[in-house]
Amino acid sequence: MIHFSPPFINQEIIDEVTESLKSGWITTGPKVRQLEAMTAQLAQVENVLCVNSATSGLMLALHWFGIGKGDEVIVPAYTYAATALAVMHVGATPVMADVNEDFNIDPVKIRELITEKTKAIMPVDIAGFPCSYDEIFSIVNEKEILKKFIPKTERQKKLGRLFVLSDSAHSVGAVYKNKPSGSISDISIFSFHAVKNVTTAEGGAICLNLPSPFNNKEEYDFLRLISLNGQTKDAFTKTAGNSWKYDIVYQGFKINMPDVLAAIAITQMKIYKSEILKKRKKVFDAYNNFFLQKDWALIPPSSDESRESSYHVYLLRIKNITEQTRDKIMEEIYKNQVAVNVHFQPLPILTLFKEKGYKIDNYPVSYKNYAGEISLPIYPQLSDENVKTVCEAVESAYNKVVQA
């Protein structure tokens, strides 16, 4: 069986985790700080805070900016549910925009949806392909859009415009106009979930790239404080000598990352650009070489003059089929011992959002992308023979279901 997305675990990673376990210190401590520094270097930012999930990171960033009840945040209709759920968890309302054929949020739709209630835009780099950030920042800085921005907090006044918070869960290692993902928006959130390019089993990272007059180190210190219950000293610091006394100075959360999980990612980070990312691209290119020859296949975006993907997911689309036909093709692929998936069901299809009044008919491109999409396995452990097997399984399934 060719699995869909197993984690990359080698002996060096096992040794790193074992070292953490044997150290006697497994919660937030030196390995988390090490991972933060490595992530900051990869993203080319000075400050990164590791937390227990990307969802938590999104929630913390929204909370930090003072977004809450009565506020609106623009999100794509085509994304994983966590993007919108983070908005809802802080009491705000997600306003959904349709996407383009590259799966990413349509800037034209963003402009149409901005109101005086809008406080933030949350672009999502679907499958690791960066959004059109220049267009997004151009919109938030337009005179008419600036007039609509009504700040309610000191941080909102300091920024003076809509907050651009990237859901960069998929795009660790992607590039936009020579800038690495993590250094493009005001704040970007990476995911280190089990299926991501870099994993801590569960986890995420908040990459700070706030413009002047913000001091990113000061904001990192505050975010770190509120990620640990608003406590002035973390557990590791309290163990250093006679340093046990602490204070609670903010109604914070408990979303810190433990060292034992950070240890899983540290070795991956050491070889991420030199090995892991290159191997993912090799698999991606092999799929392209095969499916470009098929007139029924539409290959996903991976690079253009300004962007390069992180090659997180291969979003193959089959032309001119229905959702039901797509599902039948997937069933046939599974019969050939190849696991495939769909990224993603548009949010308005899901019960929670349907019950809140979102209608898929308002997002035709999102639905079209979804109805014909099949996500193929893409990870470093895949051999050339595995990739050939996947390609042949997809072609065989297509021929059996559509050509029959």
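Taking the chain as a Gaussian network, Cα atoms linked when under 10 Å apart, which of THR93, THR55, THR322 shows the biggest mean-square fluctuation?
Greatest mean-square fluctuation among the candidates belongs to THR322.
Calculate, in nm to one decimal, what THR232 and MET88 gain on full extension: separation in residues at 0.36 nm each, minus their alpha carbon distance. Don't skip to the answer; put the middle values down first.
Working: separation 144, 0.36 × 144 = 51.84 nm, distance 2.82 nm.
Separation in residues times 0.36 nm, less the Cα-Cα distance, equals 49.0 nm.
Across 5 Å bins from the origin, how do the percents of Cα pairs in the stretch 48-102 run, short distances first?
4, 21, 28, 22, 15, 8, 2
Using a simple spin-label model with points 7 Å from Cα along the Cα→Cβ vector, what separation in nm is obtained for SER306 and LYS69?
Result: 4.0 nm between the two label points.
Rounded to whole Hz and in sequence order, give me ³J(HN,Hα) for the stretch 158-174 from the Karplus expression 6.51 cos²θ - 1.76 cosθ + 1.60, θ = phi - 60°, writing x for Gly and Pro.
5, 6, x, 6, 4, 7, 9, 10, 8, 7, 9, 3, 8, 10, 4, x, 6
Would you work out the relative contact order for the stretch 262-401, in percent, from Cα pairs under 8 angstrom that are 6 or more residues apart?
On the way: 152 pairs, mean separation 44.1, N = 140.
The normalised contact order for the stretch 262-401 reaches 32 percent.
Where the convex hull is taken over the Cα atoms of the stretch 149-293, what is its projected area averaged over directions, in nm²? Walk me through the intermediate numbers first.
Numbers: hull surface 49.8 nm².
Directional mean of the projected Cα hull area for the stretch 149-293 stands at 12.5 nm².
Determine the equivalent ellipsoid of the stretch 261-404 by diagonalising the alpha-carbon gyration tensor, then write out the semi-axes as square roots of 5 times the eigenvalues, largest first, rounded to whole Å.
Details: eigenvalues 147, 97, 45 Å².
Ellipsoid half-lengths, sorted descending, are 27, 22, 15 Å.
Restricting the count to DSSP beta bridges whose residues both fall in the chain, what percent are antiparallel, rounded to a multiple of 5? Walk me through the numbers before you get to the answer.
On the way: 26 of 41 bridges.
Counting only bridges with both partners in the chain, antiparallel ones make up about 65 percent.
Calculated from DSSP H runs of 4 or more alone, at -39500 (n - 2.57) each and per residue, what is the 222 nm mean residue ellipticity of the chain, nearest 500?
Working: 16 runs with 160 residues, N = 404.
It lands at -11500 deg cm²/dmol.
For the stretch 149-192, state the average projected area of the convex hull of the C-alpha atoms over all orientations, rounded to one decimal in nm². Intermediate values should be presented prior to the final figure.
On the way: hull surface 15.2 nm².
Projected area, direction-averaged: 3.8 nm².
Here are labelled values, [x] 33, 27, 21; [y] 35, 28, 17; [z] 38, 22, 19, and one is the computed semi-axes √(5λ) of the Cα gyration tensor in Å for what I pasted. Which one?
Here semi-axes √(5λ) of the Cα gyration tensor in Å agrees with entry [y].
Between exposed GluC sites (Glu not before Pro) in the chain, where DSSP calls loop and at most 10 other Cβ atoms lie within 10 Å, what's the longest gap? It would help to have the intermediate numbers written out before the result.
Working: sites that count: GLU116, GLU305, GLU355.
In the chain, the maximal stretch lacking such sites is 117-304.
Using the alpha-carbon centroid of each, what span in Å lies between the stretch 273-342 and the stretch 14-28?
After rounding, the separation between the Cα centres reads 37 Å.
A short reminder: the numbers here are calculations on the coordinates, not readings from a lab. Keep in mind that what you see is a predicted model, and the values were worked out from it rather than measured. Note that each Cβ is placed from the backbone with ideal geometry, even for glycine, and that neighbours are counted across all protein chains shown.
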